[in-house]
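A short worksheet on the structure shown next.
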Amino acid sequence: MKILFFISAFALFYAMLGYPITLILLDKILKKENKKDYTYKPKVSMIISAYNEEKVIEKKLENITKSDYKNLEIIIANDCSDDRTVEISQNFIKNHPDIDIKINTAKDHFGKTNAQNEAVAVANGEIIVFSDANSMFKEDAIKELVSYFTSDDIEYVCGSLIYKKDDDISSVVAENTYWNLELKMREIESKIDTIAAGNGAIYACRKKDYRHYNLVSSHDYEMPLYAGLSNKRALYNKDAIAVEKAGATTEDEFKRKVRMQRRILTNIFTNLKRLNVFKYGWFSFFHFNHKTLRFLQSFFHIVLFVSNIFLLNEGPFYKITFLGQILFYLIALLGYLTKSQSKLLYFPLYYSMMMLAQIKGAINEASGKSKPTWEKAESTR
């Protein structure tokens with residue numbers, strides 16, 4: 001039991017703190033940078049995923065038409081919306097006849113990945129840029145994404161998603177704190193070699209490199225993975241910026257995290273060759289530390305808690321660690337029950353929510369409840 005206890009404790013510590021520290025040290029030692037080429041200006045197809053986005057679709061179209069990248073076509077990947085998304089889009093197209101915008105409605109409501117697949121099939125661009133309807137690009141975001149495609153071994157580039165700050169909403173503060181660390185890790189991985197995780201709100205790939213994945217899968221996991229397995233690179237450009245609202249309620253954030261974990265078991269147990277560091281080098285190292293250990297976090301928490309129970313009679317150290325775990329979860333529960341905005345209560349709640357989302361995602365996948373479609377978090381619109 002002691003072995004299980006200490007392995008779990010170390011894995012949790014390393015996943016949350018040890019790996020980021022390791023990356024920072026590697027960054028200082030290796031001192032690598034990614035190149036940019038602003039002279040490369042290919043035709044770009046901008047694909048906007050949309051399902052019942054009547055609240056934001058007009059704002060999104062206005063946002064993209066202000067881009068400083070002009071060799072551009074815009075395709076609305078409509079996932080069979082049944083609200084006014086298409087009507088609003090058609091009116092926008094009618095009022096902007098000088099802009100190349102089209103609506104591509106999926107044959108059936110099979111989710112975001114399917115709608116993207118069908119939109120890519122009609123795209124004319126050499127580079128495909130993807131985005132969500134609620135993610136607003138900075139004017140130079142597309143130019144920045146394209147500038148990173150400096151060689152043929154670069155298959156995927158994602159940008160930096162910034163969540164709007166709101167110091168009065170604890171869920172937003174907690175998400176920003178977690179996300180800022182996440183972006184720093186991606187920046188260093190990208191400079192050294194390749195990233196292990198992408199971003200579904202702002203990313204691009206060459207059309208010739210586009211692959212079709214399981215419809216329950218998401219591009220932000222699969223694209224960097226298959227780039228690495230093909231001995232190509234997936235990069236992160238911090239200067240390609242999109243802005244989005246984080247979930248303003250615990251419930252919305254939980255739903256979003258569960259959706260992100262809907263293929264967690266598959267991601268852990270398939271493509272195990274990704275862990276062959278002798279064949280894939282830095283990619284395997286980054287993927288194991290950044291993704292695989294993260295996917296196993298809730299499992300390590302369960303093992304840590306259960307093994308700690310069996311070790312309670314082994315001395316005061318184990319009694320203290322057990323009480324520490326109980327106290328942490330009680331604080332999280334108190335934060336949930338009181339709906340307190342106190343950061344002291346909300347940060348344990350936020351972390352516990354992420355672990356529960358992993359468990360819920362695994363249960364959904366094991367029971368066949370994971371699906372390619374989902375209900376969006378309204379507070380992010």
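One table, with the values for the structure above:
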{"item": "Residue match in segment 119-129 (condition: in contact (Cβ under 8 Å) with a residue 60 or more places away in the chain, part of a helix (DSSP H, G or I) and either open to solvent by less than 50 Å² (accessible area, probe 1.4 Å) or not small (Gly, Ala, Ser) (or both))", "result": "yes"}
{"item": "Scan of segment 22-80 for residues that are over 30 Å from Lys107 (Cβ atoms) and out of contact with any helix residue (DSSP H, G or I) (no Cβ under 8 Å at 6 or more places or on another chain), ordered by number", "result": "Leu25, Lys28, Ile29, Lys31, Lys35, Thr39, Lys66, Lys70"}
{"item": "Considering residues of segment 48-75 that are free of Cβ contacts under 8 Å to residues at least 40 places away in the same chain and not in a helix (DSSP H, G or I) only, the residue farthest from Asp98 (Cα to Cα)", "result": "Glu54"}
{"item": "Pairs where the first residue, in segment 4-18, is open to solvent by 40 Å² or more (accessible area, probe 1.4 Å) and the second is part of a helix (DSSP H, G or I) and not aromatic (Phe, Trp, Tyr), C-beta under 6 Å, 6+ apart", "result": "Leu4/Val303; Leu4/Ser307"}
{"item": "Verdict on Glu244 being surrounded by fewer than 24 Cβ atoms within 10 Å (Cβ to Cβ) and at pLDDT below 95", "result": "yes"}
{"item": "Residue that is open to solvent by less than 20 Å² (accessible area, probe 1.4 Å), under 19 Å from Leu12 (Cα atoms) and touching a helix residue (DSSP H, G or I) at 6+ places or on another chain (Cβ under 7 Å), where the choices are Ala357, Ala362", "result": "Ala357"}
{"item": "Unique residue being in contact (Cβ under 8 Å) with a residue 24 or more places away in the chain and either more than 25 Å from the chain's Cα centre (by Cα) or open to solvent by 40 Å² or more (accessible area, probe 1.4 Å) (or both) when the list is Tyr329, Tyr350, Tyr336", "result": "Tyr336"}
{"item": "Residue in segment 361-379 that is under 30 Å from Asn313 (Cβ atoms), over 17 Å from the mean Cα position of the chain (by Cα) and modelled with pLDDT of 95 or more present", "result": "no"}
{"item": "Which numbered condition Asn231 misses (of (1) surrounded by 15 or more Cβ atoms within 10 Å (Cβ to Cβ); (2) closer than 19 Å to Ile154 by Cβ; (3) touching a residue at least 12 places away in the same chain (Cβ under 8 Å))", "result": "(1)"}
{"item": "Filtered residues of segment 216-273 (kept if of a type in the set (Val, Ile, Thr) and assigned to a strand (DSSP E or B))", "result": "Ile241, Val243"}
{"item": "Residue that is surrounded by the most Cβ atoms within 10 Å (Cβ to Cβ), among those in segment 136-164 that are touching a Leu at 6+ places or on another chain (Cβ under 7 Å) and among the small types (Gly, Ala, Ser)", "result": "Gly159"}
{"item": "Members of segment 310-320 found to be without any contact (Cβ under 8 Å) to a residue 40 or more places away in the chain and open to solvent by 30 Å² or more (accessible area, probe 1.4 Å), listed by number", "result": "Leu312, Asn313, Pro316, Phe317, Lys319, Ile320"}
{"item": "Residues that are closer than 10 Å to Pro224 by Cβ and assigned to a loop (DSSP other than H, G, I, E, B), drawn from segment 179-198", "result": "Thr194, Ile195, Ala196, Ala197, Gly198"}
{"item": "Subset tally (residues that are among the charged types (D, E, K, R) and either open to solvent by less than 40 Å² (accessible area, probe 1.4 Å) or out of contact with any Gly (no Cβ under 6 Å at 6 or more places or on another chain) (or both)) for segment 216-228", "result": "1"}
{"item": "Residues of segment 26-57 satisfying the condition of being more than 27 Å from Thr150 (Cβ to Cβ) and open to solvent by 90 Å² or more (accessible area, probe 1.4 Å)", "result": "Lys55"}
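The values are calculated or read from the model by the stated rules, or taken from the named source; none is laboratory data. Just so we're clear, the structure is a prediction, and the values are computed from it rather than from any experiment. Reconstructed Cβ throughout: ideal geometry from the backbone, glycine too, with neighbour counts over all protein chains shown. Just so you know, the surface numbers come from the protein's heavy atoms only, side chains and all, with ligands and any DNA or RNA stripped out. Shrake-Rupley method; radii C 1.70, N 1.55, O 1.52, S 1.80 Å.
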